[in-house]
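Have a look at the structure below before the remarks.
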Amino acid sequence: MADTKYDVVVVGCGPAGSMAGRSAVLNGASVLIIEKKSAIGIPNHCNECIAAPHLWEERLGFKLNPSVYSQRITKFTIVAPSGEMAPPLENDCIMVERNIFDRALAEEAVRAGARIMLNTRVVDVVKEGDAVTGVMVQRGDVKEKIGAGVVIGCDANNIVAQAAGIQGPYNPSHWLVKEFAGVKGQDPETCYTYMSPRFAPELHAPHMPKGPDTANLSVGIPQGHDLTLTDAYDELMKHPTVKEFFGDASPVRISGGTAPGGGLWQKPYGNGVMLAGDAAGQMWEANGGGINPAMMAGHFGGEVAAKAVQQGDTSEAVLAAYHEKYLSTIGKTNAIQHEAKELLDRAIVSDELIERAVTEIGKELVGLYTYARGYTDVVRDWLEEQKA
Ligand SMILES: Cc1cc2nc3c(=O)[nH]c(=O)nc-3n(C[C@H](O)[C@H](O)[C@H](O)COP(=O)(O)OP(=O)(O)OC[C@H]3O[C@@H](n4cnc5c(N)ncnc54)[C@H](O)[C@@H]3O)c2cc1C
């Protein structure tokens, strides 16, 4: 028997967890969000670029204080190893101060009526038969059971899925992120993405301006690859365009992080349990955007969980509505991004191929990488021609 019980227990207070907690409470549930860290949003290990607020605020039903945002991003381009740039494609994005942004989302959840428990690690789920009925938490040396109508795992693939017996693809990459001051010559509204297997095998190195002379610059490497992150970063700094922009700059933040990769989980729910955000592989695979899908997934998950508890049926048949809602909305972008990632993997095999792609189908390559639709056919045909 659990010591305390909530209708919905959310594990993890990132964007998915805050939005799951907020939405569940707004749909009538009592909610506890459990977070292992002592401060939400810290450390910040992000490139900090998201879709512009007007594209998601209305659906979520709140506006954040403008202080959480820094620089508008209106264009994306891809930079070839020689420095040749693809024609920039318009897009509507914004840079966030991730530590403040995540805390602001948590504040929205609390404002709505959710409780947050910090410094508390979920170490297992509690089960009755094959149904999840709570979590086991640890604070210092003290272990405690907390009961739940539904547990929502927003823990970025840490414990809930594994403990609940839910599986999905997981192909992680590891990242080194540096935030610089003293950047020269960049267009602050343009996100530049450098591609080369020499410094970002199967991935990319985004340069995201945060102001006229500040920017995030990062590299990622798939798990198990021989290249080290520091060697990859050193190689990236030799790129002619990077040298031009960052030659006189200095880092003001260095951090690392792991991105899930592998794509959407087919069944991110079970009896009494669901997964949202990175825990469910919802990060967009081609460009690595995970904040917006995590927020939306949490929003849908919280709503479905609260209603299931009210109906007295938290079986997987009822919780499946969450995944259907996700797939029929923002999940459509996941499908396009999955296809885009496969094509980009085929293009990022040599500097020579990337060089030609940027020159010959640059616009389409940028289209694939960003959220834009309708570019896959041109890139696929072009890749086929290269084989011939
Ligand atoms: C280097 C890097 C750069 C990125 N840049 C961008 C970007 O520019 N734009 C973008 O949209 N996305 C970006 N992403 C992806 C984005 O950060 C994630 O997709 C997003 O944070 C997912 O949100 P989430 O809530 O699912 O998980 P998270 O934000 O990871 O939150 C999970 C929370 O769960 C907590 N937790 C984990 N285990 C437990 C446990 N056992 N008990 C209690 N709490 C637990 C963690 O402490 C954490 O607070 C980047 C990722 C990386 C690695």
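The values are calculated or read from the model by the stated rules, or taken from the named source; none is laboratory data. Keep in mind that what you see is a predicted model, and the values were worked out from it rather than measured. Cβ placement follows ideal geometry from the backbone for every residue including glycine, while neighbour counts extend to all protein chains displayed.
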**Message:** Test of understanding: among Ala131, Ala109, Ala148, which residue is touching a Cys at 6+ places or on another chain (Cβ under 9 Å) and either within 11 Å of the ligand (Cβ to nearest atom) or assigned by TED's automatic domain parsing to the domain that holds Ser38 (or both)?
**Reply:** Ala109
**Request:** Answer yes if at least one residue in the stretch 362-384 is within 16 Å of the ligand (Cβ to nearest atom), surrounded by fewer than 24 Cβ atoms within 10 Å (Cβ to Cβ) and β-branched (Val, Ile, Thr), and no otherwise.
**Result:** no
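Working only within the stretch 281-295, note down all residues that are small (Gly, Ala, Ser) and either near the ligand (Cβ under 8 Å from one of its atoms) or modelled with pLDDT under 95 (or both).
Kept after step one, since they are small (Gly, Ala, Ser), are these residues of the stretch 281-295: 281, 286, 288-290, 294.
The answer is Ala286, Gly288, Gly289, Gly290, Ala294.
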**Selection from the stretch 251-266 of residues that are farther than 19 Å from Pro206 by Cβ and either out of contact with any His (no Cβ under 7 Å at 6 or more places or on another chain) or within 7 Å of the ligand (Cβ to nearest atom) (or both)** = Gly262, Leu264, Trp265, Gln266
**Asked** In this structure, does Gly134 turn out to be of a type in the set (Gly, Ala, Ser) and free of Cβ contacts under 8 Å to residues at least 24 places away in the same chain?
**Response** no
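Let's see how each residue does on (1) of a type in the set (Gly, Ala, Ser); (2) more than 30 Å from Ala131 (Cα to Cα); (3) free of Cβ contacts under 8 Å to residues at least 12 places away in the same chain:
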residue	(1), (2), (3)
Met295	no, no, no
Ala305	yes, no, no
Ala340	yes, yes, no
Val349	no, yes, no
Ile354	no, yes, no
Val358	no, yes, no
Val378	no, yes, no
Leu383	no, yes, no
**Prompt:** So, of the residues in the stretch 143-166 that are surrounded by fewer than 21 Cβ atoms within 10 Å (Cβ to Cβ) and without any contact (Cβ under 8 Å) to a residue 40 or more places away in the chain, which turns out to be nearest to Gly281 (Cα to Cα)?
**Reply:** Gln162
**Item:** Answer from Lys37, Lys5 - the residue that is over 13 Å from Arg103 (Cα atoms) and among the basic types (Lys, Arg)
**Value:** Lys5
**Message:** Is it the case, given these coordinates, that Lys36 is within 23 Å of Ala156 (Cβ to Cβ) and within 21 Å of the chain's Cα centre (by Cα)?
**Reply:** yes
**Request:** Considering every residue within the stretch 105-128, establish whether at least one is part of a helix (DSSP H, G or I) and in contact with an Asp or Glu (Cβ under 9 Å, 6 or more places away or on another chain).
**Result:** yes
**Prompt:** Given the conditions (1) more than 27 Å from Ile159 (Cα to Cα); (2) crowded, with 16+ Cβ neighbours inside 10 Å; (3) hydroxyl-bearing (Ser, Thr, Tyr), and given that Ser250 satisfies all but one, which numbered condition is not satisfied?
**Reply:** (2)
**Prompt:** Would you pick out the residues in the stretch 344-360 that are in contact with a helix residue (DSSP H, G or I) (Cβ under 8 Å, 6 or more places away or on another chain) and either surrounded by fewer than 21 Cβ atoms within 10 Å (Cβ to Cβ) or hydroxyl-bearing (Ser, Thr, Tyr) (or both)?
**Reply:** Arg346, Ile348, Leu353, Arg356, Glu360
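Go through the stretch 267-280 and give me each residue that's within 13 Å of the ligand (Cβ to nearest atom) and either on the phi > 0 side of the Ramachandran plot or in a helix (DSSP H, G or I) (or both).
Just the residues of the stretch 267-280 that are within 13 Å of the ligand (Cβ to nearest atom), to begin with: 268, 274-280.
The answer is Gly277, Asp278, Ala279, Ala280.
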**Complete:** All-but-one check, Ser38 against (1) among the hydroxyl-bearing types (Ser, Thr, Tyr); (2) under 30 Å from Pro188 (Cβ atoms); (3) in a loop (DSSP other than H, G, I, E, B), failing number (2)
